[in-house]
Amino acid sequence: MTDMDLVIRARRMITPDGERAGAVGIRDGVIVAVDSSLDGARVIDLAADEVLLPGLVDTHVHVNDPGRTEWEGFATATRAAAAGGVTTIVDMPLNNVPPTVDVPALDLKRATAFGRTYVDVGFWGGAVPDNAANLPGLHEAGVFGFKCFLLHSGVDEFGHLSPDELDAALRVLRDLDGLMIVHAEDPGTIDAAPDPDGRGYAGFLASRPPAAENTAIATVIELARRTGARVHVLHLSSAEALPMIAAARRDGVAITAETCPHYLTLTAEEIADGATEFKCCPPIRGAANQDLLWQGLADGVLDCVVSDHSPCTVELKRFDTGDFGQAWGGIAGLQLGLPAVWTAARRRGVPLTDVVRWMSAAPAALVGLKDKGAIAVGRDADLCVLAPDEEFTVDVANLFHRNAVSAYHDRRLTGVVRRTWLRGREIVGGTAHGKLLMRS
């Protein structure tokens, strides 16, 4: 075949069948051939130390635009994504203002994003008190599913659901075959826990105990079982919840779950007092818990790894006081997810094929993006080049998200993303040619 726009040849590439040498042929932004030898109008031969990967898919990103653009924005977030090998994101319905809880808010968000995205962007809708009647309209408008909280979301304009309200929303989504994604922490458990105020990380960790996640996830499982709706547990950090998720699946409950790079790579033991860049909810827990999360991935109980990129301004992290009770909770990790996870994975003997499945194929499957997530004929030519053995030290000055805060600053990581293509076009500099996606 010689009628291809671009051919990329690699000594190593990750396909659905595993790692192999070969070439990828691209025409009109789509992969039209994966073979051992191809030729085209333009040919790129990757270096011996490079691996060709499918573009990553990150289904848990807070862009915060419109309304909180001083926290983040579509241009900055998606450029950070591209620099990290992420070619598709799905944006959360908060912390933008207005939240994406009805069709007019979704239209405003799409208008805000149009022409400003370096990667493809889809959107979640929000399930909040008193908007059950809006869910079918948002579903018809193409959101990929609905996000809810079971406790205060951190922003007053995005309310949380009681168990009865969640039950009612799940019944609506069951009839739509829609997906509910849940921030699962139990408010009663947290209200009974110690106050998080102060500089000590141990105190903050005690304020969000594993029992808060475990109790909330048990509620989600029971309601999913009762209603028959599809549910997904967001940013799971408590490994104690894994057995109940596995048991629910064996019983036929339609439940999936994710974890995040920070839970897989950072530990409570290493977080210094006052280091509020590490604050997130649920919290980063101890090393023994982390080992069990890795086992949960290996066992298939955890389906995917996504960033929960949740940035804010420098001031909101309260470095002036180091008070974990006052600081905003969120990790800005969109650009660093792949090298962070790969650094930890290779140390544990986990192959790159697994990392790619968790960070590309599985998130794409979660939201039904059949054109994404794999180097395969018929898929979008979303690709990235990773130098898996090259080390670098993270410097916030080299990150593209809006505010210079990172829990990974000064950390030594392995795996450098050298190039990224979106539908066969390399993402460089000031060129923003991402599309706004709708659920098919």
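Quick look at the numbers
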quantity: Spin-label pair residue 272/residue 314, simplified geometry with 7 Å Cα→Cβ offset, distance in nm; calculated: 1.7 nm
quantity: For region 346-362, 3J(HN,Hα) per residue [Karplus equation, 6.51 cos²θ - 1.76 cosθ + 1.60, θ = phi - 60°, Hz, x = Gly/Pro]; calculated: 5, 5, 8, x, 8, x, 4, 4, 5, 4, 5, 4, 5, 9, 10, 5, 5
quantity: Anisotropy class of region 302-399 from Cα gyration tensor, a/c 1.5 cut; calculated: prolate
quantity: 18 Å Cα-Cα threshold exceeded, pairs from 109/279; 147/370; 372/435; 109/435; 147/317; calculated: 109/279; 147/370; 147/317
quantity: Antiparallel bridges, percent of DSSP beta bridges restricted to region 1-155 (to nearest 5); calculated: 50 percent
quantity: In Hz, Karplus ³J(HN,Hα) per residue of region 169-177 (6.51, -1.76, 1.60; θ = phi - 60°; x = Gly, Pro); calculated: 5, 5, 5, 5, 5, 4, 6, 8, 6
quantity: 5 angstrom amide H check on residue 60, placed H, neighbours 5+ away; calculated: 90, 307, 308
quantity: Region 77-94 versus region 303-333: alpha-carbon centroid distance in Å; calculated: 17 Å
quantity: Whole-Hz couplings from phi, Karplus 6.51/-1.76/1.60, listed for region 364-370; x for Gly and Pro; calculated: 4, 5, 4, 9, x, 8, 6
quantity: Calculated [θ] (222 nm, deg cm²/dmol) that DSSP helices of n ≥ 4 give over the chain, each run adding -39,500 (n - 2.57); calculated: -8000 deg cm²/dmol
quantity: Choice from 318, 27, 347 with maximal GNM fluctuation in the chain (Cα, 10 Å cutoff); calculated: 347
quantity: Highest-fluctuation residue, 411, 423, 230 considered, GNM on the chain with Cα pairs under 10 Å; calculated: 411
quantity: Inter-centroid distance (Cα atoms) of region 142-195 relative to region 385-440, Å; calculated: 31 Å
quantity: Residue of 192, 248, 141 that the Gaussian network model of the chain assigns the largest fluctuation, springs spanning Cα pairs under 10 Å; calculated: 192
quantity: Nearest-0.05 FRET efficiency for residue 21 and residue 218, computed from C-beta distance (R0 60 Å); calculated: 0.80
quantity: Rel. contact order, % - alpha carbon contacts under 8 angstrom, at least six apart, region 146-199; calculated: 45 percent
quantity: Amide hydrogen neighbours beyond the local backbone of residue 235, cut-off 5 Å, H modeled; calculated: 258
quantity: Antiparallel bridges, percent of DSSP beta bridges restricted to the chain (to nearest 5); calculated: 50 percent
quantity: Debye intensity ratio I(q)/I(0), log10, region 1-142, q values 0.10, 0.20 Å⁻¹ (C-alpha model); calculated: -0.48, -1.06
quantity: Amide H partners (placed H, <5 Å) of residue 434, local residues excluded; calculated: 117, 118, 119
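Quick note: the coordinates plus some simple rules give every number you see, no bench work behind them. Bear in mind that the values here come from a model prediction, so they are computed numbers and not experimental data. Please note: Cβ atoms are built from the backbone with ideal geometry, for glycine as well, and neighbour counts cover all protein chains shown.
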